[in-house]
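Notes follow the structure.
The values are calculated or read from the model by the stated rules, or taken from the named source; none is laboratory data. A quick note: this is a predicted structure, and the numbers were derived from the prediction, not measured. Here the Cβ is made from the backbone with ideal geometry for all residues, glycine too, and neighbour counts use every protein chain on show. These area figures cover heavy atoms from the full protein model, side chains too; ligands, DNA and RNA do not enter into them. Shrake-Rupley method; radii C 1.70, N 1.55, O 1.52, S 1.80 Å.
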Amino acid sequence: MSVVHRLTAGWLVDHLSFINQCGYEICDSFAYPDGITLDTSVTSTRDCHSASTFAATSSSDGPIPGTGDVIETEGKPAKTRYVFREEFFNVSKPHIAAAPEEQLWQGLICFFHCLLFVQKRKRKCVLNQGELDALQYHSKVRKLIREGTLHLVQEGLRSGFLHRTIAEPSCRKNAVPGHIGCGLAELCEMAKQLPAVNESDRQAVHVLDDETSIPEQDLLSCVTENSSNGAKIVELMGQKYLVPPKSSFLLSDISCLQPLLNYKKKYDVIVIDPPWENKSVKRSSRYSYLSSWQIKQIPVPALAAPNCLVVTWVTNRQKHLHFVKDELYPHWSVKTLAEWHWVKITGAGEFVFPLDSLHKKPYEVLVLGRVQGDVKQTLRKSEDVLPIPEHKLIVSIPCSLHSHKPPLTGVLAEFLKPDVECLELFARSLQPGWTSWGNEVLKFQHIDYFTVLQNES
């Protein structure tokens, strides 16, 4: 379970543990009858202390296989366990050293009042309106974030999940390339040049069996589904990706969403992580972004079941927050219910950025709402389900990989009925029990982000 602690303020979440409990076990076709396997190891972390040890052992009554172990049964095919590389969650120190908190906050308050005074005197303002709006919003949520995070961190320290003194890694880590995998977004762009497939000939879903290589056109023209109880490895453009059990995905960009609609599913939960426009993205050629108009064209009403819970990740720009609440959700007939915050901390429980930093905040916003429709049907769907709280915190050690958000499965479970259909839009990874869509939907599933240990005979 990814939730390590649950308090009134919110949840302390172990993202790494969640990934490693997704069932990335592959039957080893190279296993010999006596249980000896060929060397398929990528790297070894045998001498390392796994960051997810606490979460993995606290919920088990018996011994569990070691992280990345090859699981063997005499006379039966062996299973090789893949785990996410823990160095991506090795955040031991804040990214920016913080000044004494109270001193910094008092300075900000004085600065804010000075700016308001300057504006009244019609002098040139140092900050623009967007920055002033951000300061005003921060002053409103600051106490909730500070006090709630403090309580969750204290629980994490008491249980041993967090440590005030973080030891340096005790083993050498393999160097991680700056760019892993093929250009998925570029592949989606190239796919537009392929000959169009007649609707009558188009298959709605490609179910994975024992094959590893899938024709690119099949992968890009329909939903791919792993309905088995084990993970699968798929090969795309010479690159290998892990697909967790009971998951499905569509690799395409926003102009090719029809296969998702052809999948004929209605979703009870839709999580959206749009590529918001901002200055740094505009300056960079690495990331694309969508305009507000393009985001409004996403067919959420066609994908949503009655009373569907919609969750949208929003950057700290107030312009985007106002757009979601005032334009996007009304356009989709979604009623805003709550604003939650994801708070990023180090392994020692410190904010990754100073809470009152003028440049980067250690938190991001999630806007939660429900699709409005037939009142009777909505009431039936809401029975035996807890109402969505107006404010909650999701506190976790962030992944160092850009935009690898923490899972919401564990924190949303208590507000949903069992066996709901879940969809993530603009996904960059896969989850068991979820359908995922995006032009980089397999990005963090690349096998080089994982490691496997070689069993010793």
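For this structure, a couple of remarks:
- Taking every protein chain into account, the 1.4 Å probe leaves Lys417 with about 90 Å² of accessible area, to the nearest ten.
- For the pair His359 and Tyr289, the difference between a 0.36 nm per residue extended length and the Cα-Cα distance amounts to 23.1 nm.
- Each Lys and Arg Cβ is given +1 and each Asp and Glu Cβ -1; about its Cα centre, the stretch 221-373 then shows a dipole of about 160 debye.
- Relative contact order of the stretch 246-363: 22 percent, from C-alpha pairs under 8 Å at least 6 residues apart in sequence.
- Non-local lysine pairs in the stretch 284-376, meaning eight or more places apart or on different chains, with alpha-carbon distances under 23 Å, amount to 13.
- The order of the peptides 434-444, 137-147, 78-88 by mean Cβ neighbours within 10 Å, most packed first, is 434-444, 78-88, 137-147.
- Accessible area per residue was computed with a 1.4 Å probe on protein heavy atoms; Leu358 scores about 90 Å².
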